[in-house]
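What follows is a set of notes on a single structure, which appears directly below.
The values are calculated or read from the model by the stated rules, or taken from the named source; none is laboratory data. All of these numbers come straight from a predicted model, not from anything done at the bench. Note: ideal-geometry Cβ built from the backbone for every residue, glycine included; neighbour counts use all protein chains shown. The protein model used for the area step is the full one, side chains on, heavy atoms only, and it has no ligands, DNA or RNA in it. Shrake-Rupley method; radii C 1.70, N 1.55, O 1.52, S 1.80 Å.
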Amino acid sequence: MSANPVEYSDIQGLVRFGYGALTQASFLLLEIRDRRAAAAWLASAPVSNAVELDTPPQTALQVALTYPGLQTLGVPQPVLAGFSDEFQSGMWGQENRSRRLGDVGASAPAAWTWGGPDKVPHVVVMAYAQRAVDTFIDSIKGAAWDTAFRFIESLSTTDLDGVEPFGFTDGISQPTLDWERRRTTEDQLKYTNVACLGEFLLGYANEYGHYTDRPLLTNDPGNSSLPTAEDAPDMRDLGRNGTYLVLRQIQQDVRGFWQFVNGQAGGDPQTRERLASAMVGRTRDGEPLAPLSNSPIPGVTPGKPSNQFTYDSDVDGTRCPFGAHVRRSNPRNADFPDGTTGFFSKIAYDLGLKHVEIRQDIKSSTRFHRLLRRGREYGPALSPEQALQPGYPDKAEHGLHFICLNANLSRQFEFVQSAWIMSSKFNGMTGETDPLLGNRLPVANAQPTDSFLLSQESGLARRISGVPRFVTVRGGAYFFLPGIKALKFLATAYGAK
Ligand code: HEM
């Protein structure tokens, strides 16, 4: 693996920073009205890069485009063909995809307020600020903005102080990117929280040691502003330092969630809290239900709430249910169960010569399915107590603008969403999908998915049935978050013509 240094100045900042200190954020969804005016704006937009500054910035700007956006900008077909199939078809482009992602029933794209049929934005402009984000947005528009773009929607966000609308601390567990490019094949033989850069940036080697497909252009002088492709030095890399950005507006029924949990708990506050935490896999303060690991895990920074755990010490799911949201969305060391981490035991395990629990054996390697989450909440705060109070005034919508970055949409976001979160067979279970995110619709063979199995330390599991749907997808799209040179190139080489 080449250890070429990383070009932070060419990477959009969101790949490296969550911009947590910039508590105000607004995501503008736009359609390109005038190609040349839009290209002129894109070419000069003050996009923030991933260089760490001595004085943290007070504002940040990120820009990403959908496939129809690139088409409208005039990017030629042979270049467009270099992007991944999922990006080309879009989040709802195929019925099969919508079904796998769980976007059916009330969450079907036809009902989305944006991103569905005839409502796909071309561009998302993501503005972050310490204060007065609207003033910041006004400052970056420039004279040609109204000629360039038709405004579709502004996704506003709320600072809930690190807590998502149901009331749980969020943004704790993230993969640690191997910015130094030191990860070796040997490191991959044991469970760590470190991920190769190529999992989150195009143009770098991924966990397979390969380079994810992306548009490569010839070495013509006209393409010389693009970086050279690391794996094909005679080509220019339009993907390098870019990645795919998934944006999904997920409405949360905060009242419905707490009322259901409270009903199941017979109104007992402690039981209610325990059940809600079991559905998430962490307490509201963020502490994991699975026991903490005694030894450090590479790539996990010690801190509170803690992220130093695997499911090794909870193989039968008595502490953290198998179906809990965090266990589904990252089963952690599922591919390295206890006793399989040495070189020879790993080989024996891979050859099937080692006894492992069937549950451990049916999950795929987690390191190929990591997500870098960058979402922001929207709607006012509604505490569990307020949600349970009859007649408490609550007319506003609550939810999460779920955002994640990944270099391979199908192997990362789509896999996590469909094979783990929405799967009624995850971990050998039946009758349930993710307790927070499931759409509760029966699967093809009419098998219900509206239960939640709460295994308990007594060994007796309690099956909770009739779990309602707590979330509705209101919009979504796949974007390409280009490297900054690539963004300028797209604007000047194609859009300006
Ligand atoms: C309204 C929607 C959602 C809510 C309320 C929610 C809530 C949470 C909470 C409270 C955590 C634990 C805190 C943390 O570890 O950072 C978490 C973790 C996580 N969520 Fe979600 N989430 C939502 C949607 C999604 C979606 C759509 C995905 C992926 C497709 C996802 C993937 C993850 C992942 C990967 C983790 C970290 C798991 C780990 O590494 O332990 N979440 N989420």
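What the table shows:
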| quantity | calculated |
| --- | --- |
| Qualifying residue in the stretch 241-257 (condition: more than 16 Å from the ligand (Cβ to nearest atom), closer than 30 Å to LEU388 by Cβ and surrounded by fewer than 24 Cβ atoms within 10 Å (Cβ to Cβ)) | no |
| Within the stretch 163-183, considering residues that are within 9 Å of the ligand (Cβ to nearest atom) and of a type in the set (Ser, Thr, Tyr), the one nearest to GLY303 (Cα to Cα) | SER173 |
| Complete set of residues in the stretch 177-189 that are open to solvent by 40 Å² or more (accessible area, probe 1.4 Å) and out of contact with any helix residue (DSSP H, G or I) (no Cβ under 8 Å at 6 or more places or on another chain) | GLU180, ARG182, THR184, THR185, GLU186, ASP187 |
| Pairs with Cβ under 8 Å, 6+ apart, first in the stretch 20-46 and free of Cβ contacts under 8 Å to residues at least 12 places away in the same chain, second buried (at least 19 other Cβ atoms within 10 Å of the Cβ) | none |
| Residues (more than 14 Å from the ligand (Cβ to nearest atom) and either free of Cβ contacts under 8 Å to residues at least 12 places away in the same chain or farther than 18 Å from GLU86 by Cα (or both)) located in the stretch 395-415 | LYS395, ALA396 |
| Answer from THR228, THR212 - the residue that is more than 16 Å from the ligand (Cβ to nearest atom) and open to solvent by 40 Å² or more (accessible area, probe 1.4 Å) | THR228 |
| Inter-residue pairs, beta-carbon under 8 Å, first farther than 14 Å from ARG284 by Cβ and in the stretch 158-180, second aromatic (Phe, Trp, Tyr) and crowded, with 20+ Cβ neighbours inside 10 Å, 6+ apart | THR158/TYR378; PRO175/PHE200; LEU177/PHE200 |
| So GLY466, is it modelled with pLDDT under 95 and not charged (D, E, K, R) | no |
| Search result, residues across the stretch 124-137 that are assigned to a helix (DSSP H, G or I) and either buried (at least 16 other Cβ atoms within 10 Å of the Cβ) or among the small types (Gly, Ala, Ser) (or both) | VAL133, PHE136, ILE137 |
| Residues that are charged (D, E, K, R) and in contact with a strand residue (DSSP E or B) (Cβ under 9 Å, 6 or more places away or on another chain), drawn from the stretch 365-410 | ARG367, ARG370, ARG373, ARG374, ARG376, GLU377, GLU397 |
| Residues located in the stretch 288-304, provided they are farther than 16 Å from ASP314 by Cβ and either open to solvent by less than 30 Å² (accessible area, probe 1.4 Å) or of a type in the set (Asp, Glu) (or both) | GLY299, VAL300 |
| Failed criterion for ASP314 (all others in (1) under 22 Å from SER451 (Cα atoms); (2) open to solvent by 20 Å² or more (accessible area, probe 1.4 Å); (3) modelled with pLDDT under 95 hold) | (2) |
| Residue ID - surrounded by the fewest Cβ atoms within 10 Å (Cβ to Cβ), chosen from residues in the stretch 433-462 that are within 16 Å of the ligand (Cβ to nearest atom) and among the charged types (D, E, K, R) | ARG440 |
| Out of SER418, SER423, SER383, SER465, sole residue that is more than 16 Å from the ligand (Cβ to nearest atom) and either crowded, with 16+ Cβ neighbours inside 10 Å or under 27 Å from GLY267 (Cβ atoms) (or both) | SER465 |
| Positions within the stretch 191-236 being in a strand (DSSP E or B) and either among the β-branched types (Val, Ile, Thr) or over 23 Å from ARG16 (Cα atoms) (or both), in sequence order | VAL194, LEU216, LEU217, THR228, ALA232, PRO233, ASP234, MET235, ARG236 |
| Selection count where residues are open to solvent by less than 20 Å² (accessible area, probe 1.4 Å), closer than 20 Å to LEU201 by Cβ and part of a strand (DSSP E or B), scope the stretch 150-176 | 0 |
| Long-range neighbours under 7 Å by Cβ, at least six apart or interchain, first residue farther than 11 Å from PRO291 by Cα and charged (D, E, K, R) within the stretch 309-334, second assigned to a helix (DSSP H, G or I) and at pLDDT 95 or above | ARG328/TRP420; ARG328/ILE421 |
| Filter result for the condition that a residue is among the acidic types (Asp, Glu), surrounded by fewer than 17 Cβ atoms within 10 Å (Cβ to Cβ) and away from the ligand (no atom under 13 Å from the Cβ), over ASP237, ASP268, ASP285 | ASP268 |
